[in-house]
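Report on the following structure.
The values are calculated or read from the model by the stated rules, or taken from the named source; none is laboratory data. Model, not experiment: these values are computed from the prediction. Positions of Cβ are backbone-derived with ideal geometry, glycine not excepted, and every protein chain shown enters the neighbour counts.
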Amino acid sequence: MENKMVHLKLHTEYSLLEGVGKIDEYMEKALTVGARTLAITDTSMFGAVEFYKKCIKSGIKPIIGLEVFLDGIVSEGEYSLTLIAKNKSGYRNLSKLSSLSYSRFNKRRNKIKYEELLKHSQNIYILSGGIYSEITQGIIEYKYSEAKKVALKLAKDFGEYFFIEIPAVKRLENVRKSLSEMVEETGISYVITNDVYYPHNGDAILQKIMSSIKEGNKIETVQENIFYDDLYLKTYEQIKESFSNIGEDFFNKGIENTFNLAENCSMDFEFDVFKFPKYELPSGVSENSYIRKLVYEGIALRYLKENIEITKEKQEDEIKEKLTSKKMEYVFQRADYELKVINNMGYNGYFIIVWDFIKYAKENGVYVGPGRGSAAGSLVSYALNITEIDPLKYNLIFERFLNPERISMPDIDIDFDQEQRETVINYVLNKYGTQHVAHIITFGTLKARAAIRDVGRVLNINLKKIDKIAKMIPFNMDLGKALEIVRNLKNMYDEDSEIRTVIDYSLKIEGRVRHASVHAAGVVISKDVLDEEIPTYSDGKTSVLSTQYQMKELEDLGILKMDFLGLKNLTILRKTVENIEKSRGEILRLENIDLENEKAYKLMTDADTLGIFQCESSGIRRLMKKVKIEKFEDIMVLLALYRPGPLRSGMVEDFIAAKNTGAEIKYPDESLKEILEETYGVILYQEQVMKIANEMAKYSLGEADELRRAIGKKIPELIEENREKFVQKAVENNVSAKNANEIYNLIDKFGGYGFNKSHSAAYALIVYWTAYFKANYPVEFFAAVMTTEMYNIERLSLFINEAREKGINVFVPDVNLSDYEFKVEKTGVRFGLVAIKGIGGNFVKEIMEERKNSIFTSYEDFTYRMKQKGLNKKQMESLIFSGSLDSLYGNRNQKYSSVDRVMEWSQKKYEAEEDLQMILFGGKSKKVGDFKMEELEEYPKKTLLKNEKEYLGIYVSGHPMDDKRKQFEIVEHIKISELENMKISNKKGKMSKVRIAGIIKNVNKIVTKASREPMAKFELEDFTGMIEVICFPKDFINLGYKIIEDEAVIVEGHLNSEESGHSIVINEIYGIDELNENKYLNLYVLIDRESEQKVSAIKKLIINNKGNNQVFLAVNTDENKKEIIKLNKKYNVNLSKKFLTELVELIGLKKIKVR
């Protein structure tokens, strides 16, 4: 098709909240209007690479440009210029200018300086700017002479590279006439342009909405203040029509100039050429020889336990000889193979760079993960200390990481202690320079809920109405899908015109880019100065720049990308090791921990895994018990099995049956026994798929990796295409076609669920380490976890509760005993001072520094000494109510009542001791007497605990439910902390029924708006957390009188779940002391060897407490099973507090359950 029009002014969604059009939409529209050349001129360069690639794919010539804003040359204000890169040199200058604009981050508009444009203008065409230019605005404001001065100034400074833009916008007819006169008067070249912000005519309102979101403006009517309504991608004919009053010759010349400019532009990106930064090697040493030296030194240490520094070539041979003598030739054979592949692929420098910063991290006490992803399959990575998993021991495959038959950027993602991650990033910054290192940009898009809220705000719709429809949209669901399946949303759309308008516009802007942010972990290290090749971005929040290109585009451009990930569990491991050294004097290193610790495996088999990496959910804990974790490989299997695919496929049951019940292991072919033996005949790992293809069909491991990728993509055509190849090669290897097809079917079925074994092995090590410490050093482990979770109150409550269940005391903070963080003591864990609300980390450090002089001996001693360090009344209140001053004389009531007096006393004492003038001149300083507190009774326990919770976030010295703990334990119920892992609905769509127990808090009795009926909301709190409970009018009639603040109750109802959290809709409530009120509760009594001696006494107690509750006996049988016996109704019992107390005294708490 003829190239009828060149559009030089395309603004995409990457002109954040200004442009509306997606690049794909522009490609489609350009083809329909006959535009075969397009220039992207966003206010950033975010979309440049994506635009370039999609243009090439669509058969369109791409031109890279940029709209910049500067202070006016003649007039005051900010005005735009359009910059077009002529070639690669021009592109580099665009990158520099765009980077400069973001280096002075401004929430409204980034600008460059005119002198910066002059400096970096080589090979850039300068267009005068369209609707926002100083020239256009000058003419609109009747300042023609000033506009002309601007044009002449630009023409003088940029010569033949400067063009006046003649805009094709309908409303600028007078501007076009004036500009045509200016061209005639000055002789300056000109081009025809049309500012494009959206693809289609009629989309102007979308651009108005987006810009209003950006500016925070409201528009009362839909078409209000849309000054330009034709900023869409026009046809040649539509643009020509705008020039009908100027003259055809002028228009044709402008089009000719536009085509000539576009013709002169030629800029190509260089893809798939790796641009690794240069590591400074020793003089005369190549990357290849240096990495060999490092690898063989690592091999000597890993496999021979010898610390050898290789200075001569023969030392490598000596290492090989020693390995050979130990029958370990396979080690150097694998190493040489990997080194050859790495060298051939040009990745020596990559591995050296990663080795270097990990070496720095480990030498400086930074905790580094044992590996992540497929990199753990590399022996070179293991020898270089990049990973901690021996790939030979666990049969991991190098080609799963680097496939010599498919050139792609290597990808080694590294986990670091989340508190130490910045240390490593700073090292890289210092090593390679801030001009070569940057974070990676990412973009937030308008999700359905956000789109509704933004559009509703701009159109000034009632916020409550907008909030209501936003909450109807299921989390992470598209708006269109929500309209289909959420009946109430569809009804509101059909019945309410305001809502229909909001939704219609929201559907059109949903999914478009809203804002830029920084990737949580990604870091690039560039060979060249970044802003000369990759434009950079700053959000003004950090000194480290980000790239303007996203991760995928950077990979395409061959820029080295690393993920520096912060992992909380590594922080926990570090703090645990530190606690062990402080409390026991033992110095432990993770890599030296024995992998055969029985306590660790028992802890996992018992599913006692709160706080254990990736093993906390109820689902994985159930699976853990079934699998029975007996060795390290079982943890690897666990992580691979606990995923939706395997859980649905039946392979979990097959594995467990073969492992634990002695079921026959069936192999698809005996030749595959060695490959599948470790997983009991089940294809569980991706590496097994690769080895099957290698063994049965003689695929190379590189080819086998391609097969694995094809199976994983689940594309039918690709799967069938690979079937033909697999069967053919298997037949050539003397396998029958029938057998080959059957095995391929298995690969297809289970291979799609296959898990990366290398990743499983690496992460299994973190699982094991955390389990090891919890099992063997529980106090130190809990102190570490509590410190790490101190700002997550729900999680902190869980761990404090579990620690207590394990007999570990948790003590309130103490100004003389507490450290900054949670601290190990002989009988438990001491709260850290920094966890107290209202204290602040700097003041905690002041307390710890001051007590080095001597401990605080009294309330007034503490106040006097710390007032000089800035102690204020609010901090005193926090310290008193948190219990931090309990070890000093006086109760909390006395101390709080004396705060003003002790602060005043301290000030006077300080002033008296500072009165040096009177002492020097023989006078006497005013003596301050001793401080005394008023004798007062301590607060009630209820008040003490309430204050503790306010200032520590949780109850520490006790719990309001302590007095009822045994009664609550008798009744079968779910802990609030366990609700998160419950399945919310059953197959029929009904909400799960639950029974929970706790103390009623924050009662709010209200009336419904519609019917004015009474109902109630309150919070129920147990030892593990708190949840909202709702009692609707139909149940409030019968239950309302039981809803009393601070009452200990059992609640039954249905679990309701929303994005904001869980709640319980109740249909029953009864006091813990009034279980007999619920006739549907049954009593279960365990009759074992111990309690069977007391059967007659149990019977007598039951007969003396007749009631309406059914009794069941659970009797142990010879087969070590329990037989449930339902007693005759004549033995029904009254579940009174008195009866249950006597029963507990008779047979013990653990043999009784009410359910």
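State whether the residues of region 753-775 include one that is over 24 Å from G566 (Cβ atoms), within 25 Å of the chain's Cα centre (by Cα) and at pLDDT 90 or above. So that I can check it myself, show each step before the final result.
Going through region 753-775, the residues over 24 Å from G566 (Cβ atoms) turn out to be 753-754, 757, 775.
If we keep only those that are within 25 Å of the chain's Cα centre (by Cα) too, we end up with 753-754, 757.
Next, only the ones that are at pLDDT 90 or above stay: 757.
Checked region 753-775: at least one residue is over 24 Å from G566 (Cβ atoms), within 25 Å of the chain's Cα centre (by Cα) and at pLDDT 90 or above.
Right, I63: touching a Pro at 6+ places or on another chain (Cβ under 7 Å) and hydrophobic (A, V, I, L, M, F, W, C) or not?
Values: touching a Pro at 6+ places or on another chain (Cβ under 7 Å): no; hydrophobic (A, V, I, L, M, F, W, C): yes.
Against the criterion (touching a Pro at 6+ places or on another chain (Cβ under 7 Å) and hydrophobic (A, V, I, L, M, F, W, C)), I63 does not qualify.
Just to verify a result, which residue in region 310-335, among those that are in a helix (DSSP H, G or I) and hydroxyl-bearing (S, T, Y), is farthest from F398 (Cα to Cα)? Give the derivation first.
If we filter region 310-335 for residues that are in a helix (DSSP H, G or I), which is where we start, we get 313-325, 329-335.
Going one step further and asking which of them are hydroxyl-bearing (S, T, Y), we end up with 324-325, 330.
Values: T324: 22, S325: 25, Y330: 14 Å.
The extreme case among them is S325.
G130: in a loop (DSSP other than H, G, I, E, B), under 30 Å from F269 (Cβ atoms), touching a residue at least 12 places away in the same chain (Cβ under 8 Å) and not acidic (D, E), yes or no?
Here the answer is yes, as G130 does meet what is asked.
Any idea which of V74, V33 is within 22 Å of L261 (Cβ to Cβ), assigned by TED's automatic domain parsing to the domain that holds L94 and surrounded by fewer than 24 Cβ atoms within 10 Å (Cβ to Cβ)?
Numbers: V74 fails: within 22 Å of L261 (Cβ to Cβ).
Exactly one of V74, V33 is within 22 Å of L261 (Cβ to Cβ), assigned by TED's automatic domain parsing to the domain that holds L94 and surrounded by fewer than 24 Cβ atoms within 10 Å (Cβ to Cβ), namely V33.
Would you mind stating whether K527 is farther than 27 Å from G216 by Cβ and at pLDDT 90 or above?
Details: farther than 27 Å from G216 by Cβ: yes; at pLDDT 90 or above: no.
Considered against the rule, which asks whether it is farther than 27 Å from G216 by Cβ and at pLDDT 90 or above, K527 comes out as no.
Test of understanding: among N1082, N1067, N1004, N1038, which residue is among the polar types (S, T, N, Q) and surrounded by 17 or more Cβ atoms within 10 Å (Cβ to Cβ)?
Numbers: N1067 fails: surrounded by 17 or more Cβ atoms within 10 Å (Cβ to Cβ); N1004 fails: surrounded by 17 or more Cβ atoms within 10 Å (Cβ to Cβ); N1038 fails: surrounded by 17 or more Cβ atoms within 10 Å (Cβ to Cβ).
Going through N1082, N1067, N1004, N1038 in turn, just one is among the polar types (S, T, N, Q) and surrounded by 17 or more Cβ atoms within 10 Å (Cβ to Cβ): N1082.
Considering (1) modelled with pLDDT of 95 or more; (2) in a loop (DSSP other than H, G, I, E, B); (3) not hydrophobic (A, V, I, L, M, F, W, C), say which one K278 fails and leave the rest.
Condition (1) is where K278 drops out.
With the requirement that a residue be touching a Leu at 6+ places or on another chain (Cβ under 9 Å), assigned to a helix (DSSP H, G or I) and either assigned by TED's automatic domain parsing to the domain that holds E678 or among the hydrophobic types (A, V, I, L, M, F, W, C) (or both), what does region 592-632 give you?
Answer for region 592-632, where residues must be touching a Leu at 6+ places or on another chain (Cβ under 9 Å), assigned to a helix (DSSP H, G or I) and either assigned by TED's automatic domain parsing to the domain that holds E678 or among the hydrophobic types (A, V, I, L, M, F, W, C) (or both): M604, I620, L623, M624, V627, F632.
What tally of residues in region 133-166 results from selecting those that are among the basic types (K, R), crowded, with 17+ Cβ neighbours inside 10 Å and in contact (Cβ under 8 Å) with a residue 40 or more places away in the chain? Give the derivation first.
Just the residues of region 133-166 that are among the basic types (K, R), to begin with: 143, 148-149, 153, 156.
Now drop any that are not crowded, with 17+ Cβ neighbours inside 10 Å, which leaves 143, 148-149.
Still in the running and in contact (Cβ under 8 Å) with a residue 40 or more places away in the chain: 143, 149.
Total meeting the criteria: 2.
Which of the helices (runs of 4 or more DSSP H) found entirely inside region 1-120 contain at least 2 residues meeting this: within 25 Å of G511 (Cα to Cα) and within 37 Å of the chain's Cα centre (by Cα)?
In region 1-120, 23-33, 48-58 are the helices (runs of 4 or more DSSP H) which contain 2 or more residues that are within 25 Å of G511 (Cα to Cα) and within 37 Å of the chain's Cα centre (by Cα).
Working carefully through the options K631, K625, K666, K659, find the one that is closer than 23 Å to G681 by Cβ and in contact with a Phe, Trp or Tyr (Cβ under 6 Å, 6 or more places away or on another chain). Before the answer, list the steps.
Values: K631 fails: in contact with a Phe, Trp or Tyr (Cβ under 6 Å, 6 or more places away or on another chain); K625 fails: in contact with a Phe, Trp or Tyr (Cβ under 6 Å, 6 or more places away or on another chain); K666 fails: in contact with a Phe, Trp or Tyr (Cβ under 6 Å, 6 or more places away or on another chain).
Selected residue: K659, the only one of K631, K625, K666, K659 that is closer than 23 Å to G681 by Cβ and in contact with a Phe, Trp or Tyr (Cβ under 6 Å, 6 or more places away or on another chain).
Of everything in region 364-407 that's over 18 Å from S700 (Cβ atoms) and of a type in the set (K, R), which residue is farthest from the chain's Cα centre (by Cα)?
Applying the filter and picking the extreme gives K393.
Just the residues that are closer than 28 Å to V1051 by Cα and either in contact with a His (Cβ under 7 Å, 6 or more places away or on another chain) or surrounded by fewer than 15 Cβ atoms within 10 Å (Cβ to Cβ) (or both), please, taken from region 1113-1127. Before the answer, list the steps.
Here is the first cut: in region 1113-1127, the residues closer than 28 Å to V1051 by Cα are 1113-1114, 1124-1127.
Selection gives I1124, I1125, K1126.
Step by step: first the residues of region 239-251, then only those that are in contact (Cβ under 8 Å) with a residue 60 or more places away in the chain and assigned to a helix (DSSP H, G or I), then the one that is nearest to E184 (Cα to Cα). Which residue is that?
By that ranking, first place goes to F250.
Of all residues in region 576-619, how many are crowded, with 21+ Cβ neighbours inside 10 Å, in contact with a strand residue (DSSP E or B) (Cβ under 9 Å, 6 or more places away or on another chain) and over 11 Å from A771 (Cβ atoms)?
Counting residues in region 576-619 that are crowded, with 21+ Cβ neighbours inside 10 Å, in contact with a strand residue (DSSP E or B) (Cβ under 9 Å, 6 or more places away or on another chain) and over 11 Å from A771 (Cβ atoms) gives 2.
Taking V285 as the residue in question, decide whether it is within 26 Å of Y427 (Cβ to Cβ) and buried (at least 18 other Cβ atoms within 10 Å of the Cβ).
Numbers: within 26 Å of Y427 (Cβ to Cβ): yes; buried (at least 18 other Cβ atoms within 10 Å of the Cβ): no.
Criteria not met by V285.
Which of the numbered conditions does S1091 fail, given that it passes all the others? Conditions: (1) modelled with pLDDT of 85 or more; (2) buried (at least 17 other Cβ atoms within 10 Å of the Cβ).
Unmet condition: (1).
Can you name every one of the helices (runs of 4 or more DSSP H) wholly within region 798-900 that holds 2 or more residues which are among the polar types (S, T, N, Q) and buried (at least 16 other Cβ atoms within 10 Å of the Cβ)?
On the way: elements: 841-850, 859-867, 873-881, 892-897.
Helices (runs of 4 or more DSSP H) meeting the threshold: 873-881, 892-897.
Quick one: E134 ticks every box in (1) closer than 19 Å to V191 by Cα; (2) out of contact with any Ser or Thr (no Cβ under 8 Å at 6 or more places or on another chain) bar one, so which box is it?
Here E134 meets the rest and fails (2).
Show the residue pairs that are 6+ apart or on different chains and have beta-carbon atoms under 7 Å apart, the first residue being within region 887-911 and at positive phi, the second being assigned to a helix (DSSP H, G or I).
These pairs meet every condition: G890/Y859.
Tally time: how many residues in region 675-700 are touching a Pro at 6+ places or on another chain (Cβ under 9 Å) and either part of a helix (DSSP H, G or I) or surrounded by fewer than 24 Cβ atoms within 10 Å (Cβ to Cβ) (or both)?
So the count comes out to 5.
What's the number of the only condition in (1) assigned by TED's automatic domain parsing to the domain that holds E846; (2) without any contact (Cβ under 8 Å) to a residue 40 or more places away in the chain that E821 fails to meet?
(2)
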